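Following: one structure in structure tokens, then a few remarks.
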Amino acid sequence: QVQLVESGGGLVQPGGSLRLSCAASGSISSIYAMVWYRQAPGKQRDLVARVTSGGTTNYADSVKGRFTISRDNAKNTVYLQMNSLKPEDTAVYYCNTYPLPVYTWGQGTQVTVSS
């Protein structure tokens, strides 16, 4: 079973940037759309960004123009470039397939935006 490992999170000031990575322990099938989710304390897990097998991207309204999702199938990795970060972006970020999570969930990576 493919497992996912998210990394790249940390503490950043408002307006700062981070680049998250989601590495798979095995081959990510290129047929799956991949997504980044986030979950803030006490809230449900929300979809943040999606990239299809063909490279089409979609974003939640709250991150449009600030976040960019990409994938490198050769490296079995999905990325999330986050710019102009806001305190409301604070959450644990996870990746998986879409629309259903096919792979084992990783531990996520904590992103904290605070001055």
_Cα-based reach from Lys64 at 25 Å (exclusive), listing lysines while leaving out same-chain residues under 8 positions away_ = Lys43, Lys86
*Inter-label distance for Asp72 and Val102, nm, one decimal - labels placed 7 Å from Cα along Cα-to-Cβ*: 2.1
*Taking H placed 1.01 Å from N in the peptide plane, check which residues at least 5 places from Gly10 or on another chain put their amide H under 5 Å from its amide H.*
Val111, Thr112
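Just the number, please: carbon plus sulfur as a percent of the accessible area of the chain, 1.4 Å probe, no ligands or DNA/RNA counted.
Exposed carbon and sulfur together represent 48 percent of the surface.
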*Using θ = phi - 60° and the Karplus curve 6.51 cos²θ - 1.76 cosθ + 1.60, what whole-Hz ³J(HN,Hα) does each residue of the stretch 101-113 get, with Gly and Pro shown as x?*
x, 8, 8, 5, 5, x, 7, x, 10, 7, 10, 10, 10
*Taking H as built 1.01 Å from N, whose amide H comes closer than 5 Å to the amide H of Phe67, not counting residues under 5 places away?*
Asn83
*What accessible area per residue, rounded to a whole number of Å², is obtained for the stretch 1-105 using a probe radius of 1.4 Å?*
51
*Take the Cα pairs of the chain, get the Kirkwood Rh, then feed it into Stokes-Einstein at 25 °C and 0.890 mPa s and tell me D in µm²/s.*
176
*For the chain, what's the relative contact order in percent, using C-alpha pairs closer than 8 Å and at least 6 residues apart?*
38
*Taking the Cα centre of the chain as origin and charging only Cβ (+1 Lys, Arg; -1 Asp, Glu), how large is the dipole, in debye to the nearest 20?*
80
*Take the alpha carbon atoms of the stretch 39-74, find their center, do the same for the stretch 99-115, and report the distance between the two centers in whole angstrom.*
11
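The values are calculated or read from the model by the stated rules, or taken from the named source; none is laboratory data. Quick caveat, the model's predicted, so the values are computed rather than measured. Reconstructed Cβ throughout: ideal geometry from the backbone, glycine too, with neighbour counts over all protein chains shown. Remember, those area values only see protein heavy atoms, side chains included, never the ligands or the DNA or RNA. Shrake-Rupley method; radii C 1.70, N 1.55, O 1.52, S 1.80 Å.
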